[in-house]
Amino acid sequence: MLKQSLQLKLSQKLSPQQIQLMKLIQLPTLAFEQRLKEELIENPALESGKENESTHEEDNYADEYDDFDNDRIEAEDINIDEYLSDDETPEYKLQANNYSKDDEDYEAPIIAFDSFHQDLLNQLNTFILTDENRAIAEFLVGSIDDMGYIRREIQDVVDDLAFTQGIYTDEATVEKILTIVHELEPSGVGARNLQECLLLQLRHKTPTDAIELAKDIIENQFDSFTKKHYDKLLQKYGVTKDQLRNAIDEIEKLNPKPGSAYVGNSRIVEHITPDFTIKIVDGELELSLNGRNAPELHVSKDYQEMLQSYKESSKNNNAQKDAVQFIKQKLDGAKWFIDAIKQRQETLYVTMRAIVDYQEEYFMTGDETKLKPMILKDIADVIGLDISTVSRVANSKYVDTPYGTHLIKNFFSEAMVNDQGEEVSTIEIKKILQNIINDEEKSKPYPDDKLAELLKEKGYPIARRTVAKYREQLDIPVARMRKRI
């Protein structure tokens, strides 16, 4: 019994080809294109583009390749005609349900930017400074982190200038040069804390009554502002609620992370390429797979002809056998890769089609409350594939819908039971929670226990801790931080 169990386990192991197929399925469009380019470079027997059909007209191979001694390649049972037959030459362009001839290849533009620090140094060049002051200014710029802050004490900067640059200066001089750094864009860069960052940005704005009040609040009442003690601010400044609200609105327009437009010393350039597109045509949902996932590929005719020439050769030596083995390996790889891409296309389309059918009401209306509870197993059961396969499709692919571009995995959710005993999606509950918070009186936002009470009144009996979890998933702060004047 033990031996039988072990044999069964071994027989269920995935082959290297199956593992590679799973990896291909997981790749989104852009990563798949890169993988395709790599394969075309690595395997010369694989070629892109449509093969010239005329090259097949004189092909008529019917003999088995059995002239060579099989002492080195007997396990392979080479059948050259399998690679030379017109019927077996892998070439396809899966057009139905995927893309039309009118589709145009789109290449995302390559956008080159200066790094964050280089951009700041370029701005410094517009200031007239002595050599020493410029060196100090450049050192300060180099001390700015990716969020735009200098998180070091001025005395530490003075010490580092002496030890690493041979520049002997004092705190007053560095503070003076820092005011020049504070003139650079984006406004607020070079600040040493959030308070200074906001104040620098306000000082760069055209003075108005609201701006002046905002500056005073940040400079002198920062603690009350961050804790949203608006009653104290009203009493302190003797202004109306509208006047205070206008000042706070100005503060909320500021960027607390002026360097956040850059990550890793490079500006964020995010380009999402949808893997699927859903359109509503004549009242029906039309699904298409991005055409870049369906490249035209074929096995190299040159490699087939090379194999044919070896077949016709009378030589039978080790070099000949090595050449045959190499060519066969490349042809095998090309055929498998083409077939794997076709399987990838079919898997992607079938999986997304099942998701669209399952969530038809949502895709027809765009109403998130219409999303049904849906887990990976629901779709896996419909299409007859493994749950892990559905997960690979959902976790890394985007779909362009009439209501925006979405990550497919976001359409999956667990089920909860409402007070009518019906299963509802957690997405539906989150949407209703979002609506309740949007409609709340901002001067008196609802705490989590009140939100739980309101959801229960609407037929969704969930605990306060669950409300808190959903609120955090929606990136909504606690009641105190949502309070507005």
Please compute the modelled spin-label separation between Y403 and K257, points set 7 Å along Cα→Cβ, answer in nm with one decimal. 2.9 nm
Sketch the reach of a paramagnetic label on Q18 as a point 7 Å from Cα along Cα-to-Cβ, and name the residues of the range 360-388 whose backbone nitrogen lies under 15 Å away. 385-388
Within 12 Å, Cβ to Cβ, of T369, how many net charges do the neighbouring residues add up to if Lys/Arg are +1 and Asp/Glu are -1? +1
Mind giving me the nanometre distance, one decimal, between the label points for V382 and N318, set 7 Å out from Cα along Cα→Cβ? 5.9 nm
Interchain or sequence-distant (5+) residues whose placed amide H lies within less than 5 Å of the amide H of A191 are I150
Taking every eigenvalue of the Cα gyration tensor of the range 303-439, multiplying by 5 and rooting it, what semi-axes result, largest first, whole Å? 53, 14, 11
If Lys and Arg each add +1 and Asp and Glu each add -1, what is the summed charge of the other residues whose beta carbon sits under 13 Å from the beta carbon of T389? +2
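Among the listed pairs K377/K483; K23/K431; K279/K458; K232/K430; K232/K257; K397/K469, which are separated by more than 31 Å between their Cα atoms? All intermediate terms of the calculation are to be shown ahead of the outcome.
Details: K377/K483 42 Å; K23/K431 34 Å; K279/K458 33 Å; K232/K430 34 Å; K232/K257 27 Å; K397/K469 26 Å.
Going by Cα-Cα distance, K377/K483; K23/K431; K279/K458; K232/K430 fall outside the 31 Å limit.
Each reported figure results from applying straightforward, stated rules to the coordinates on display, with no laboratory input. None of these values were measured; they are calculated from a predicted model. Backbone-built Cβ (ideal geometry, glycine too); neighbour counts: all protein chains shown.
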